[in-house]
1. Going by average Cβ density within 10 Å per residue, which order do the peptides 29-37, 50-58 take, highest to lowest?
2. If we count other beta carbons within 10 Å of each Cβ, what is the order of PHE81, PHE20, fewest first?
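The numbers here are math on the coordinates, done by the rules we state, and not lab data. Bear in mind the structure is a predicted one, so any value in this text is a computation, not a measurement. So basically every Cβ, Gly included, is an ideal-geometry build from the backbone, and we count neighbours across all protein chains shown.
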Amino acid sequence: MRRRRCLPKTLRSVRSKVGFAEVELTELRRRVNATRWPERETVTDDSQGVRLATMQELARYWGSYYDWRGCEARLADLPHFTTEIDGLDIHFVHVRPRRATRHFGATSAQRMSWDDASTSSSRES
């Protein structure tokens, strides 16, 4: 059976300039590095969520090592669209995955950031 495509009538492809001011990136890094952390978890498994040490490692990477300008360039290369939903202009990026994935809850950018952090941390240790 063929799937129907339900696209809004107002869907428009747009050229989007993705750019973050250096002052904004500096403030983001400062805020990430200034995170107030909770106490360590009281269990030795992940039943209480992501381990504190894992989140601290990820934050340290984002605050000190992550290539925000590279991310900006990758975002700029993606196809951008706008549409109107309930009277609001919505800007979004739509890219089909190259291969099937089990990461339904995470965006490509989130997965890329997480993978980059894991790879980088193991290299810097």
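1. Details: 29-37: 10.9, 50-58: 14.0.
Going by the mean number of other Cβ atoms within 10 Å, highest first, we get 50-58, 29-37.
2. Ordered by Cβ neighbours within 10 Å, fewest first: PHE20, PHE81.
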